[in-house]
């Protein structure tokens, strides 16, 4: 883990009371928007059909695409990194994404969203077409996001109700 941490710029290392801690909190809010996780935080789902579509989307995402990667502190054998194609040596630290198979791994610095290239905070990821995404960008592959309220649009017009005001 220390080897991995030494690869990161100081401002992103999440140590208590540092810029890295604040950076991690911002990344969590960006990558895991609470309105994408719970209907309780959605202000613009008025019609029952919109609420049903939202629930169906969240349930499908959670079942099909969402998972948590885990850090394997001692890789049992050398393997290629899924992103950079570089070699991860035996006993090196690696990140494993179970939705893509137990024998597939990444260098910790390579475990990033395919859209924003940011490290996947707390290793939560979604899979689509063998690529990994943060939850924000996975949702945006399916529906547009409102620039005014930051919610994914689940109405039939695919636009935020705030935009109509």
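The values are calculated or read from the model by the stated rules, or taken from the named source; none is laboratory data. As the structure is a prediction and not an experimental result, all values here were calculated from the model. Glycine gets a Cβ as well: all are built from the backbone with ideal geometry, and neighbour counts include every protein chain shown.
Summary table below
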quantity	calculated
Pairs where the first residue, in the range 33-58, is in contact (Cβ under 8 Å) with a residue 24 or more places away in the chain and the second is part of a helix (DSSP H, G or I) and crowded, with 17+ Cβ neighbours inside 10 Å, C-beta under 6 Å, 6+ apart	33/136; 36/135; 36/139; 42/35; 44/161; 45/54
Considering residues of the range 73-96 that are surrounded by 17 or more Cβ atoms within 10 Å (Cβ to Cβ) and out of contact with any helix residue (DSSP H, G or I) (no Cβ under 9 Å at 6 or more places or on another chain) only, the residue farthest from residue 24 (Cα to Cα)	79
Count of the range 107-128 residues which are at pLDDT 95 or above and either surrounded by fewer than 17 Cβ atoms within 10 Å (Cβ to Cβ) or farther than 18 Å from residue 64 by Cβ (or both)	2
Residue that is in contact with a strand residue (DSSP E or B) (Cβ under 6 Å, 6 or more places away or on another chain), surrounded by fewer than 19 Cβ atoms within 10 Å (Cβ to Cβ), under 28 Å from residue 41 (Cβ atoms) and in contact (Cβ under 8 Å) with a residue 40 or more places away in the chain, where the choices are 99, 143	143
The range 15-49 - residue that is modelled with pLDDT under 80 and not in a helix (DSSP H, G or I) and, of those, nearest to residue 112 (Cα to Cα)	15
Residue list for the range 44-65, filter: farther than 16 Å from residue 99 by Cα and surrounded by 12 or more Cβ atoms within 10 Å (Cβ to Cβ)	44, 45, 47, 49, 50, 51, 52, 53, 54, 55, 57, 58
